[in-house]
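Asker: The structure's right below; bear with me while I get my questions together.
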Protein chains: 2
Amino acid sequence: MNTFAAARAALRPLDAVAVAAAEERQARLTKPRGSLGRLEALGARLAGIAGVCPPPAPTPAAVAVFAGDHGVHRHGVSPWPQEVTAQMVANFAAGGAAINAIASAAGASVTVVDVGVAGDLGGIDGVVDRKVRASTGDLVDEPAMTAEEATAALDAGAAVAADLVAGGARLLVTGDMGIANTTPSAALVAALTGRAPADVTGLGTGIDDATWRHKVDVVERALARHGDDREPLGVLASLGGLEHAALVGFIVGGAAAGVPVVVDGVIAGSALLVAARLEPTVVDRCIAGHRSVEPGASVVLADLGLTPLLDLELRLGEGTGAALAVPVVQAAAAVLREMATFDSAGVADKDG
Amino acid sequence: MNTFAAARAALRPLDAVAVAAAEERQARLTKPRGSLGRLEALGARLAGIAGVCPPPAPTPAAVAVFAGDHGVHRHGVSPWPQEVTAQMVANFAAGGAAINAIASAAGASVTVVDVGVAGDLGGIDGVVDRKVRASTGDLVDEPAMTAEEATAALDAGAAVAADLVAGGARLLVTGDMGIANTTPSAALVAALTGRAPADVTGLGTGIDDATWRHKVDVVERALARHGDDREPLGVLASLGGLEHAALVGFIVGGAAAGVPVVVDGVIAGSALLVAARLEPTVVDRCIAGHRSVEPGASVVLADLGLTPLLDLELRLGEGTGAALAVPVVQAAAAVLREMATFDSAGVADKDG
């Protein structure tokens, strides 16, 4: 079965009846109307995603970190050696990375998936092997992936989402690892929004101004090589990364399974943009967890009409910002699930 | 023993050695330097509060909701009947309020403390009875409390903090309940910052423009009645509420016990302002959890140099915004406690 295609075909709009029921319920809970601010709209969205009010508890949460390498690394767009991708995958598997600490604090699991790391990771326990190829091609000179490779990565991501939901996960969180992966992210965002590369290219994990100008030039050359085609999956294969493609599959797979997907950062954001250009309804099933410092992330959020829950100035990736937002999502559901109404609690309503 | 005075005498500055050790450790963890944004400074603060790096896990967290009524309610500054304070205390004790749902989602306990509710709550199980008097006086015409009553409420708050820490709490969260309590909060903030009442008076749980202008007038009359004395405890007794006084004691008690205190909203914010005017060092031991919609809350945060972790447009009180921030605080500690270093994980450092 083509897992991504099946998930895509299963997508549905939010359940408007459940959204309306949540909004009506919020007005009867023992609090002034609207006083829980953004938690109220978030709770209604959770009800619409689940198709029932109150929504089920979005617990447990599961982070999937998709890892891949990038041919564009050879152009010197990152100060980090490419080997760090594999080293960090080992660090994730051993529980020593930021996403491990932050997910653990939020009670979320971490699944590490190799979709495209350069070199052999066979010796690392705890890494899901979905490798499509070892690193993408150099997107300045050639398409990053073939259409078949992109499809394989889309399927890998959709399968991971389905597996996690089958295993009990009720909230999915996007994570990513890949040295140089802010460069293909910028290329995707520029291609799919029409914004100039300089507007969507950031400092990544930390580069100087000269390297930034070079990075913008690399993105411009990649876009020129790619040409005018704006078909989303064609853009993804040409300019994206294997982890980007897997994240598109993961987001669509989670959305199709009726589970909210928390998204953070420019890598997952650019993947969500691809998914949204294919299937706009998927956006309503995603929650923007955190506003990354990367400019491309904010361009995506504005394009899709999403406002992130958190703004804590993170620029790490791995899914850290999204994982930090998990407890907020769980609190929004708890409000609808657990609070008493004015009637049930015997509290006088000012408008009652 | 005068508990508040003892706590005040036990206050110490942050441990600079532990702060420096945390900053040095952040630079060795497997992430680009600074990439965890505000979590890094928060982690260093936690180390400084605890006096050790890495800091202990700020778990479990405990919310204390201090409840009181207000003589100023008679002026029509709130659309809610005064009885709602007692009804909501019963709702807290039964687990049906927003703070119960949000604290539960964050794994935090909720302790409800009556320091000044009008009427007899003796019949409600699970409410800590620390009632000083049944409602404050009407601060337009008379001091809200006597100095002795304020001291009793300060002691009650400090005792609750000490009891929670003795019972194992490692993170304290301020909560409050009291119909009309944004009015004394505005009076405290205006008196202690010199800002005009119109700048620090908000819409509370929801009033119209005419009621807002009346509320500003009430605050102005209270300030005129109070006069020029700016001694913090004198201002507190004259213009505050019993829950405000208890929160001053709770904040100072938590700070003295070496436990971080998460603060949210204009009620706890105005209490923190009183505490800070008495003992400036207490501010470093507090964490601003959330930016309330109430303008007085932002005035306090700016005055004290605090930036809240969250901005989710809540305006409910009860400690809801602070409780939402608990998992972020716990994540900041987890980063320092659980992450591997470049050396220990065998990851190449770009600057190494």
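The values are calculated or read from the model by the stated rules, or taken from the named source; none is laboratory data. Here the structure is a predicted model, which is why all the values come from computation and not from measurement. Here the Cβ positions follow ideal geometry from the backbone for every residue, glycine too, while neighbour counts run over all protein chains shown. The protein model used for the area step is the full one, side chains on, heavy atoms only, and it has no ligands, DNA or RNA in it. Shrake-Rupley method; radii C 1.70, N 1.55, O 1.52, S 1.80 Å.
Asker: If residue A:280 satisfies every condition in (1) within 14 Å of another protein chain (Cβ to nearest Cβ); (2) surrounded by fewer than 22 Cβ atoms within 10 Å (Cβ to Cβ); (3) of a type outside the set (A, V, I, L, M, F, W, C) but one, which is the exception?
Answerer: (1)
Asker: Sort out which residues of region A:304-316 are at the interface with chain B (Cβ under 8 Å from one of its Cβ atoms) and open to solvent by 10 Å² or more (accessible area, probe 1.4 Å), and write them in order of number.
Answerer: Within region A:304-316, the subset at the interface with chain B (Cβ under 8 Å from one of its Cβ atoms) is A:309-316.
Residues satisfying the conditions are A:309, A:311, A:313, A:315, A:316.
Asker: If you don't mind, another one. Within the group B:107, B:123, which residue is open to solvent by 40 Å² or more (accessible area, probe 1.4 Å), in a loop (DSSP other than H, G, I, E, B), at pLDDT 95 or above and within 14 Å of chain A (Cβ to nearest Cβ)?
Answerer: The conditions single out B:107.
Asker: Quick one: how many residues across region B:65-82 are farther than 26 Å from residue B:95 by Cβ and of a type in the set (Gly, Ala, Ser)?
Answerer: Qualifying residue count, region B:65-82: 2.
Asker: Same structure, new question: Do you know which residues across region A:12-28 are out of contact with any helix residue (DSSP H, G or I) (no Cβ under 7 Å at 6 or more places or on another chain) and within 19 Å of residue B:316 (Cα to Cα)?
Answerer: Hits for region A:12-28 are A:24, A:27.
Asker: Only one of B:185, B:292 is touching a residue at least 12 places away in the same chain (Cβ under 8 Å), touching a helix residue (DSSP H, G or I) at 6+ places or on another chain (Cβ under 8 Å), surrounded by 24 or more Cβ atoms within 10 Å (Cβ to Cβ) and in a loop (DSSP other than H, G, I, E, B); which?
Answerer: B:292
Asker: Continuing with the same structure: Restricting attention to region A:338-350, which residues are more than 7 Å from chain B (Cβ to nearest Cβ) and touching a residue at least 12 places away in the same chain (Cβ under 8 Å)?
Answerer: A:341, A:342, A:343
To keep it simple, each residue is scored yes or no on (1) open to solvent by 10 Å² or more (accessible area, probe 1.4 Å); (2) in a helix (DSSP H, G or I); (3) in contact (Cβ under 8 Å) with a residue 24 or more places away in the chain.
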residue	(1), (2), (3)
A:141	yes, no, yes
A:148	yes, yes, no
A:161	no, yes, yes
A:165	yes, yes, yes
A:172	no, no, yes
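Asker: While we're on this one: If you check every pair at least six apart or on different chains, which have Cβ atoms under 7 Å apart with a residue in region A:1-17 that is modelled with pLDDT of 95 or more first and a residue that is open to solvent by 40 Å² or more (accessible area, probe 1.4 Å) and assigned to a loop (DSSP other than H, G, I, E, B) second?
Answerer: A:8/A:279; A:11/A:279
Asker: When you check residue B:40 against the structure, is it within 26 Å of residue B:218 (Cα to Cα), within 13 Å of chain A (Cβ to nearest Cβ) and charged (D, E, K, R), yes or no? So that I can check it myself, show each step before the final result.
Answerer: Details: within 26 Å of residue B:218 (Cα to Cα): no; within 13 Å of chain A (Cβ to nearest Cβ): yes; charged (D, E, K, R): yes.
No, not satisfied.
Asker: Report yes if residue A:335 is among the β-branched types (Val, Ile, Thr), open to solvent by less than 10 Å² (accessible area, probe 1.4 Å) and at the interface with chain B (Cβ under 7 Å from one of its Cβ atoms), otherwise no. Spell out the reasoning first.
Answerer: Numbers: among the β-branched types (Val, Ile, Thr): yes; open to solvent by less than 10 Å² (accessible area, probe 1.4 Å): yes; at the interface with chain B (Cβ under 7 Å from one of its Cβ atoms): yes.
The answer is yes for residue A:335.
Asker: Something else now. Consider region A:289-303. How many of its residues are within 13 Å of another protein chain (Cβ to nearest Cβ) and not hydrophobic (A, V, I, L, M, F, W, C)?
Answerer: So the answer is 5.
Asker: Could you list, in sequence order, the residues of region A:59-98 that are away from chain B (no Cβ under 12 Å), more than 14 Å from residue A:267 (Cβ to Cβ) and under 21 Å from the mean Cα position of the chain (by Cα)?
Answerer: Within region A:59-98, A:60, A:62 qualify.
Asker: One residue is enough: does region A:233-249 have a residue meeting the conditions open to solvent by 10 Å² or more (accessible area, probe 1.4 Å), modelled with pLDDT of 95 or more and within 14 Å of chain B (Cβ to nearest Cβ)?
Answerer: no
Asker: Within region A:110-120, which residues are in a loop (DSSP other than H, G, I, E, B) and charged (D, E, K, R)? I'd like the intermediate steps shown before the answer.
Answerer: Residues of region A:110-120 in a loop (DSSP other than H, G, I, E, B): A:117-120.
Correct list: A:120 only.
Asker: Oh, and also: For residue B:164, only one of the following conditions fails: (1) within 14 Å of residue B:296 (Cα to Cα); (2) within 18 Å of the chain's Cα centre (by Cα). What is its number?
Answerer: Only one criterion is unmet by residue B:164, namely (1).
Asker: Right, something else. Limited to region A:193-211, what total is found for residues that are crowded, with 16+ Cβ neighbours inside 10 Å and among the aliphatic types (A, V, I, L, M)?
Answerer: Qualifying residue count, region A:193-211: 4.
Asker: Tell me whether region A:340-352 contains one or more residues that are buried (at least 24 other Cβ atoms within 10 Å of the Cβ) and at pLDDT 95 or above.
Answerer: No - not one qualifying residue is present in region A:340-352.
Asker: What do you reckon, is residue A:268 at pLDDT 95 or above, assigned to a helix (DSSP H, G or I) and buried (at least 24 other Cβ atoms within 10 Å of the Cβ)?
Answerer: yes
Asker: Being more than 7 Å from chain B (Cβ to nearest Cβ) and either assigned to a loop (DSSP other than H, G, I, E, B) or open to solvent by 10 Å² or more (accessible area, probe 1.4 Å) (or both) is the filter here; which residues of region A:317-332 pass it?
Answerer: Once the filter is applied, which keeps residues that are more than 7 Å from chain B (Cβ to nearest Cβ) and either assigned to a loop (DSSP other than H, G, I, E, B) or open to solvent by 10 Å² or more (accessible area, probe 1.4 Å) (or both), region A:317-332 yields A:317, A:318, A:319.
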